[in-house]
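Asker: Before I ask anything, let me first share the structure, which is written out below as structure tokens.
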Amino acid sequence: MICDKENVVLTGFRNLDALTGGMRRKEMIVFAGNYPGIGKSTFTLNIAISLAYAGKSIVLFSGELKKNKISERLLCMRSGIDSKMFRDLSFMPSDINNMKNSANEFKNLNFLVHDDEIRIETVKSKCAEIKREKGLDLVIIDNLHSLKLGIEGNQTAAIEDICSKARAMAVELDVPALCTSKVTRKAYNNNPKLDHLRDSNRIGDYAAQVWFLIWKEKSEEAELRIIKNTGGKTGSVRFHFTGERFFFSEV
């Protein structure tokens with residue numbers, strides 16, 4: 001059960017929340033990995049669905065996965081269905097019932113997904129509308145680099161503009177904004193630093209927390225390293241990944 005502290009939204013991962021103090025409202029969290037395709041989108045989905053089942057209102061702006069892929073992963077997470085069985089349509093009768101039950105549960109959750117390419121200004125306006133209508137507890141942007149650029153011809157300035165506006169949105173709407181980011185090749189050495197975030201050395205400056213997901217080679221074990229936490233602790237939390245169910249659990 002997720003019991004939030006004042007001005008904080010907990011991730012549902014007990015060790016992570018104990019280390020960071022949770023995702024604070026009015027702040028931006030930047031989440032990256034030590035190389036592309038490492039599982040950032042799936043990790044954020046684990047947080048989002050856990051919070052949604054706890055009664056929180058979540059909105060995800062996905063530039064990485066389309067809605068059908070997100071639905072597939074969420075069904076596997078909640079129903080326990082093997083993703084290969086899902087793709088091959090090789091279900092047992094009990095699997096179909098589990099998926100139906102999970103799908104019906106999803107209808108009652110305050111979890112909205114947008115997978116169209118939009119600007120950060122549109123993200124803010126949509127979030128403001130959601131907050132007015134039903135409340136809002138967490139905004140997820142996956143990822144910052146997938147948003148339409150507001151400044152043409154200067155990638156660095158454009159990304160910094162997006163980060164500035166994402167942080168301002170978090171402050172204005174009183175929500176945490178969890179934003180994934182791409183990295184440079186320097187991050188591939190498993191020793192992540194703030195200047196490994198791609199296109200601007202200042203991305204980390206806008207964030208109150210910066211997380212890096214790091215995989216152990218040829219393993220299902222991962223480490224989530226907190227390399228920045230304004231006013232809080234840094235350190236790492238170990239996770240196990242059940243790939244066939246897209247499911248992260250703390251070790």
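The values are calculated or read from the model by the stated rules, or taken from the named source; none is laboratory data. Computed from a predicted model, the values in this text were never measured in an experiment. Don't worry about glycine lacking a Cβ; one is built from the backbone with ideal geometry, like all the others, and counts go over all protein chains shown.
Asker: Could you list all residues from the range 119-171 that are under 18 Å from SER57 (Cβ atoms), free of Cβ contacts under 8 Å to residues at least 24 places away in the same chain and among the acidic types (Asp, Glu)?
Answerer: If the condition is that a residue be under 18 Å from SER57 (Cβ atoms), free of Cβ contacts under 8 Å to residues at least 24 places away in the same chain and among the acidic types (Asp, Glu), then GLU129, GLU133 are the ones that fit.
Asker: Still on this structure: With respect to ILE47, is the statement that it is outside any strand (DSSP E or B), over 28 Å from PRO192 (Cβ atoms) and of a type in the set (A, V, I, L, M, F, W, C) true?
Answerer: In short, no.
Asker: Looking only at the range 225-251, count how many residues are in a loop (DSSP other than H, G, I, E, B) and either among the basic types (Lys, Arg) or farther than 24 Å from MET28 by Cβ (or both).
Answerer: Going through the range 225-251, the residues in a loop (DSSP other than H, G, I, E, B) turn out to be 230-234, 246, 251.
Subset that is either among the basic types (Lys, Arg) or farther than 24 Å from MET28 by Cβ (or both): 233, 246, 251.
Residues in the range 225-251 being in a loop (DSSP other than H, G, I, E, B) and either among the basic types (Lys, Arg) or farther than 24 Å from MET28 by Cβ (or both): 3 in total.
Asker: Can you tell me which residues in the range 87-107 are of a type outside the set (Lys, Arg) and either out of contact with any Ser or Thr (no Cβ under 9 Å at 6 or more places or on another chain) or farther than 22 Å from LEU51 by Cβ (or both)?
Answerer: ASP88, LEU89, SER90, PHE91, MET92, PRO93, SER94, ASP95, ILE96, ASN97, ASN104, GLU105
Asker: Could you identify the single residue in GLY37, GLY22, GLY33, GLY63 that is free of Cβ contacts under 8 Å to residues at least 40 places away in the same chain, crowded, with 18+ Cβ neighbours inside 10 Å and not acidic (Asp, Glu)?
Answerer: Going through GLY37, GLY22, GLY33, GLY63 in turn, the sole match is GLY22.
Asker: Right, here's the next one. Filter the range 205-234 for residues that are under 19 Å from the mean Cα position of the chain (by Cα) and small (Gly, Ala, Ser); which is surrounded by the most Cβ atoms within 10 Å (Cβ to Cβ)?
Answerer: ALA207
Asker: Right, something else. Quickly run through the range 173-224 and pick out the residues that are of a type in the set (Asp, Glu), free of Cβ contacts under 8 Å to residues at least 60 places away in the same chain and either under 16 Å from ASP161 (Cα atoms) or outside any helix (DSSP H, G or I) (or both).
Answerer: Hits for the range 173-224 are ASP199, ASP205, GLU217, GLU220, GLU221, GLU223.
Asker: Going through the range 97-121 one residue at a time, which ones are over 22 Å from LYS40 (Cα atoms), surrounded by fewer than 16 Cβ atoms within 10 Å (Cβ to Cβ) and in contact with a Leu (Cβ under 9 Å, 6 or more places away or on another chain)?
Answerer: ALA103 - this is the single residue of the range 97-121 that is over 22 Å from LYS40 (Cα atoms), surrounded by fewer than 16 Cβ atoms within 10 Å (Cβ to Cβ) and in contact with a Leu (Cβ under 9 Å, 6 or more places away or on another chain).
Asker: Any idea which residue in the range 72-95 is surrounded by the most Cβ atoms within 10 Å (Cβ to Cβ), counting only those that are of a type outside the set (Phe, Trp, Tyr) and not in a helix (DSSP H, G or I)?
Answerer: The first filter runs over the range 72-95 and keeps only residues of a type outside the set (Phe, Trp, Tyr), leaving 72-85, 87-90, 92-95.
From what is left, the residues that are not in a helix (DSSP H, G or I) are 80-82, 89-90, 92.
Working: GLY80: 16, ILE81: 22, ASP82: 17, LEU89: 6, SER90: 10, MET92: 10.
Checked the range 72-95; the qualifying residue surrounded by the most Cβ atoms within 10 Å (Cβ to Cβ) is ILE81.
Asker: So, one more: Where residues in the range 134-161 are closer than 22 Å to ILE70 by Cβ and assigned to a helix (DSSP H, G or I), which of them is farthest from the chain's Cα centre (by Cα)?
Answerer: Step by step, filter the range 134-161, then rank; the result is LYS134.
Asker: Now a separate question. So, of the residues in the range 127-143 that are in contact with a Lys or Arg (Cβ under 8 Å, 6 or more places away or on another chain) and modelled with pLDDT of 95 or more, which turns out to be farthest from LEU109 (Cα to Cα)?
Answerer: This residue is ASP142.
Asker: So, in the range 31-56, how many residues would count as being within 15 Å of GLU223 (Cα to Cα) and among the hydrophobic types (A, V, I, L, M, F, W, C)?
Answerer: Total satisfying the criteria: 4.
Asker: May I pose another question? Could you tell me whether LYS26 is more than 18 Å from GLY231 (Cα to Cα) and of a type in the set (D, E, K, R)?
Answerer: In short, no.
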